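Any read-out appearing in this document is the output of simple, stated calculations on the displayed coordinates, not a laboratory observation. None of these values were measured; they are calculated from a predicted model. No Cβ is skipped: glycine too gets one built from the backbone with ideal geometry, and neighbour counts run over all protein chains shown.
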Amino acid sequence: MMSRQTSVVLVLAILYFPSMGQADQFRPSTYDECITDSMKGVASDVAARAIISSCRNQFPKKAATAALQEEVTPQHEEIAPATSRSLTPEELGRLTATAFVFAGSYRITFRNGNEHLTVTEITIAVWNKSNPDGLRRYSQNVRIAPLESESAKYAVVYEGNAVDSSLVDESESTWSVAAAKGID
């Protein structure tokens, strides 16, 4: 009698919860999807690194291809420097930024809070907290429409295109938006 009740409960469970056996449908199908889904709500660099590592392990070939495409594909349309002007301190104050830092690579998401200005170039300053004299500036062409957000990638490098080891330790380095240009 007990085994019959167990069988009935099992059949009812399968009928009411058919997705229990379909766990794969909730797994990401691409490297990008893995990163995007897993990074939601993550505020720690340590957790972010673990997520990136896990996604690379799940999609090793796709992760390498995505990294290559990101380096080769131009991310933003070029804008003639003569048409851009430096942002005023007030306009610069309406440009907010958050960064994900990993081994000398800064992926920064900028929010253009200016209503009538498209941001065309952003310069960040990066320095080691224990050596403020080692400040370096890095510029990136962007195209951020008014009241929109965009991401840009900055590689912290020095002569010879090698990563500057004094800035790789994220706990010892810091950054800020140093300047920006835009068009009205």
- prompt: In nm, to one decimal, how far is the residue 27 label point from the residue 39 one, both placed 7 Å along Cα→Cβ?
  reply: 2.2
- prompt: Size of the dipole of segment 92-162 about the Cα centre, Lys and Arg at +1 and Asp and Glu at -1 on the beta carbon, nothing else charged, in debye to 20?
  reply: 140
message: If I model a spin label as a point 7 Å beyond the Cα along the Cα-Cβ vector, how far apart are those points for residue 102 and residue 135 in nm?
response: 2.9
- prompt: Whose amide H sits under 5 Å from the amide H of residue 142, counting only residues 5 or more places off or on another chain, with H placed in the peptide plane?
  reply: 121, 122
